[in-house]
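Input: a single structure, listed below in structure tokens.
The values are calculated or read from the model by the stated rules, or taken from the named source; none is laboratory data. None of the values given here were measured: they were computed from a predicted structure. Positions of Cβ are backbone-derived with ideal geometry, glycine not excepted, and every protein chain shown enters the neighbour counts. To get the accessible areas, we keep the full protein, side chains included, count just its heavy atoms, and leave off ligands, DNA and RNA. Shrake-Rupley method; radii C 1.70, N 1.55, O 1.52, S 1.80 Å.
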Amino acid sequence: MSKDKVQIFDTTLRDGEQVPGCKLNTSQKLVIAERLDTLGVDIIEAGFPVSSPGDFEAVAAIGRIVKNATVCGLTRAVENDIKVAAEALKTSVRPRIHTGIGTSDSHIKFKFNSTREKVLERAYNAVKYAKSFVEDVEFYAEDAGRTDNEFLAKVCEVAISAGATVLNIPDTTGYCLPSEYGAKIKYLKEHVKGIDKAILSCHCHNDLGLATANSIEGVINGARQIECTINGVGERAGNTALEEVVMILKQHPYLNLDTSIVTQELYGISQLVQEQMGVYSQPNKAIVGSNAFAHSSGIHQDGVIKNRETYEIIDPKDVGVTESAIVLTARSGRAALAYRAKNIGYELTKLQLDDIYQNFLVFADKKKEVNDSDIHQIIETSNVYQQIISA
């Protein structure tokens, strides 16, 4: 069965850069944009051109260097925003304008002091105006997660009638449960007139830790674009993590959903974004964390040494990590100690290992982690050291 293509829309350089302290200059954005293009993302949201001269220049500069991906600029449903974005995107071979407006009752009442009817009118006019500059127009219904489905369907129909090619359905506050978000996408697929003319897109935030799960539910129910960031960086608790959704789809082939991402590039670009932004991922971050392929429990280490698949569902090489790490701690067993000792030149018999292991436990209880120089010291101070070196 042929697989459906899920487009990967990366917003590291726009939504991800909104994190306090993560401001990137144009040269840094260009470095990341080139790597995103190599990674194989379909769309790079390069910035919010009207927000500052620097963002305008960054979007234009990224358009000049990106060879494969669509380059996208964000706007509000404001004519000047759209005009400025169109100007910035003139350098791009494949430009996209991303425009929209809040659609939940909360946004309509408190942000805009407006009505549903006026929001529908603004949505239509924004898309229509954007369409006069570029063919590819994405419409976002901000706070769609808290917008009732019947009105959301009307908004989507209006956007399609004005020429939208993509409909972004954001869970802006990260509030939805996966079942709720999936049902919302399914409802739109089944009730929006002309839905076959546009791609539904997931843009999920991580306030309750559900961004990845919601995005996956979205594509299972018919969305064909996921908006995400490297390492899940973004406002508040962050966005959907690109590396997570890509590897979920790769590791579950029965979903018949695929991306164009070169997964071997994931670890490298994760490190690059951390260094450029100065924001570092937690060690146990899925897929790209420093502990994602590290094992310190004796039971797990024994299994992985015998066969990696006993405790790893992903081959580290598939995401650009050289190999699994066997980390020695007081919880490690004899198999792990023998494995690490062999790596630095010691072939131990079972009796030698039994003797050294007791020495190891005393040492390991005093340290969080035992490194290679420690192993040398442990062996050199053991009762069987002379036996080992004379063998």
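Annotations
- Taking amide hydrogens as placed 1.01 Å from N in the peptide plane, the amide H of Asn168 sits under 5 Å from those of Phe139, Tyr140, Ala141, Ser201, each at least 5 positions away in sequence or on another chain.
- Rounded to the nearest 500, the helix-only mean residue ellipticity at 222 nm of the chain stands at -12500 deg cm²/dmol, with each DSSP H run of n ≥ 4 adding -39,500 (n - 2.57).
- Sequence-distant residues sharing a close amide H with Leu257 (under 5 Å, placed H): Asp4
- Of Leu242, Leu266, Leu208, the residue with the greatest mean-square motion in the GNM of the chain, using alpha carbon springs below 10 Å, is Leu208.
- Couplings 3J(HN,Hα) for segment 328-336, derived from phi with the Karplus relation 6.51 cos²θ - 1.76 cosθ + 1.60 (θ = phi - 60°), are 8, 9, 5, 8, 7, x, 4, 4, 5 Hz, where x marks Gly and Pro.
- The chain, relative contact order [Cα under 8 Å, separation at least 6], %: 13
- Share of carbon and sulfur in the accessible heavy-atom surface of the chain [1.4 Å probe, %]: 50
- Evaluating 6.51 cos²θ - 1.76 cosθ + 1.60 at θ = phi - 60° for every residue in segment 283-288, the Karplus couplings come out as x, 8, 4, 4, 6, 10 Hz, glycine and proline recorded as x.
- Distances between placed amide hydrogens fall under 5 Å for Leu328 paired with Val370, all partners being 5 or more residues away or on another chain.
- The phi torsions of segment 129-136, fed into the Karplus equation with coefficients 6.51, -1.76 and 1.60 and a -60° offset, translate into couplings of 5, 4, 5, 6, 9, 9, 7, 9 Hz, rounded to whole numbers, with Gly and Pro shown as x.
- Counted over the chain, the DSSP beta bridges are approximately 5% antiparallel.
- Protein-only accessible surface order, largest first, of Arg308, Arg64 at 1.4 Å: Arg64, Arg308
- Accessible surface area normalised per residue over the chain is 45 Å², counting heavy atoms of protein chains with a 1.4 Å rolling probe.
- Lys, Arg +1 and Asp, Glu -1 on Cβ, resulting dipole of the chain about Cα centre, debye, nearest 20: 440
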